[in-house]
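The values are calculated or read from the model by the stated rules, or taken from the named source; none is laboratory data. These numbers come from a predicted model, not from an experiment.
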Amino acid sequence: MSKHLILVDRPADWPADLPALPVMSAKDYIDADDTAGLAADRELRVLNLCRNYRYGSIGYYCSLLAEARGRGVGVEALVDGWLRKSLAADRKKRGAHK
């Protein structure tokens, strides 16, 4: 199974109740060199959840860098899985509180 790294504008904005995956700021990802271990990990997949993907934005460049490193991943696949699990847990929680 591949490992995932979530890129966000501000890691402090990442909700604690979401799956426990590694979160990194987009700036740190752009600035990271090989000592961060990102280039060596062949299984690593990047999920870019930056707020802005327009040309010239940091989100845009994170996507380019991830793609160049062969780390791209379809957002739909991960978000869909999380959404299903989250909705199921929410339904279960609501049923327990009724």
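Could you pull out every one of the strands (runs of 3 or more DSSP E) wholly within the chain that has 3 or more residues that are modelled with pLDDT of 85 or more, within 11 Å of the chain's Cα centre (by Cα) and among the hydrophobic types (A, V, I, L, M, F, W, C)?
Values: elements: 3-8, 23-25, 44-48.
Answer list for the chain: 3-8.
So which residues in the stretch 45-62 are among the polar types (S, T, N, Q) and farther than 15 Å from VAL23 by Cα, if there are any at all?
Listed by number, the residues that qualify are ASN52, SER57.
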